[in-house]
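The values are calculated or read from the model by the stated rules, or taken from the named source; none is laboratory data. Computed from a prediction, not measured in an experiment: that's the story for all the values here. Glycine gets a Cβ as well: all are built from the backbone with ideal geometry, and neighbour counts include every protein chain shown.
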Amino acid sequence: MKSPRIVLITGATGGIGGALAEAFLQAGDHVVLAGRRQEALEARQAELGSPERTGLVVMDVADPASIHSALQTVHERWGHPEILVNNAGIAISAPLRKGEELAEAHMAVNYHGPRRLLEACLPDLLAQGRGHVVQIASSAGLYGYSYTSAYCASKHALLGYTRAASLELRSKGIALHTLCPHFVDSPMTQASIERIQQTTGQSANEARAALEAMNPDGCLVAPEQIADLAVECCARAKSGDVWELTGEKVEAVASGFALDPPRPSSESTS
């Protein structure tokens with residue numbers, strides 16, 4: 001029997017976070033739940049029902065000091081994570097002319113947070129010579145959507161960063177995987193439904209149907225589908241794949257990032 005891996009999951013109190021935690025527990029791993037509120041983390045741990053195989057750590061991924069402090073706690077109590085799942089994120093819609101503060105907030109949480117956490121974990125991952133990083137991105141990292149420029153920009157940044165990092169780390173035993181779900185059946189989507197109701201006057205059912213219709217398969221992505229794919233990715237040695245989850249289907253929409261990057265020409269150009 002394999003020894004349990006230490007899995008650190010951010011945004012663990014949300015809908016996707018709960019599914020991720022349950023899936024990795026079922027895979028036999030030890031899961032460290034990270035989130036901003038202790039009470040919510042304790043409630044999630046109680047829901048999972050495996051206190052001996054779950055740890056809790058308060059972490060705000062938008063705060064570098066919080067990341068540093070939380071990782072110190074993880075190291076002292078459970079050891080060095082072999083799997084990092086960057087799941088924490090925000091999604092707030094607004095027209096372009098109101099996007100300055102939102103742009104900074106989305107980049108802080110959705111891009112700089114995962115980037116800082118990966119780089120903070122990197123020395124230990126390199127010392128172990130193995131590990132996986134799963135980036136929970138979004139179809140907004142592949143496409144653009146109206147009134148979500150800040151969110152789309154942050155997820156595009158995360159995808160670009162992960163593509164580059166997968167090339168740099170591919171020979172060091174560290175595999176990176178990016179999951180890009182369309183609208184998910186989660187509390188975050190429920191918040192979007194409520195905003196649609198407020199701005200359009202639609203009923204909750206009408207707003208939900210509108211979001212379902214935007215997904216290629218006409219239905220919301222189940223959090224469990226994302227979680228199962230994350231566990232499957234961490235059983236693979238291959239790095240750099242980008243997965244699109246369209247509602248029912250899961251497709252590798254971009255791969256081959258393990259190819260050698262083009263070498264600079266030996267001739268200088270002016």
Give the residues of region 224-248 that are more than 19 Å from L142 (Cβ to Cβ) and either in contact with a Ser or Thr (Cβ under 6 Å, 6 or more places away or on another chain) or not acidic (D, E) (or both), sorted by residue number.
A227, V231, C234, A235, R236, A237, K238
The lone condition V31 fails out of (1) surrounded by fewer than 18 Cβ atoms within 10 Å (Cβ to Cβ); (2) touching a Ser or Thr at 6+ places or on another chain (Cβ under 7 Å) is (1)
Qualifying residue in region 107-115 (condition: small (G, A, S) and under 22 Å from T162 (Cβ atoms))
yes
What helices (runs of 4 or more DSSP H), lying completely within region 145-245, carry at least 2 residues that are of a type in the set (S, T, Y), in contact with a helix residue (DSSP H, G or I) (Cβ under 9 Å, 6 or more places away or on another chain) and at pLDDT 95 or above?
149-169
Please pick out the residue among P81, P114 that is surrounded by 18 or more Cβ atoms within 10 Å (Cβ to Cβ) and in contact with a Gly (Cβ under 8 Å, 6 or more places away or on another chain).
P81
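Per-residue answers, yes or no, for (1) under 22 Å from P95 (Cα atoms); (2) touching a residue at least 40 places away in the same chain (Cβ under 8 Å); (3) of a type in the set (A, V, I, L, M); (4) touching a Phe, Trp or Tyr at 6+ places or on another chain (Cβ under 8 Å):
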site	(1), (2), (3), (4)
A150	yes, yes, yes, no
A157	yes, yes, yes, yes
Y161	no, yes, no, yes
K172	no, yes, no, no
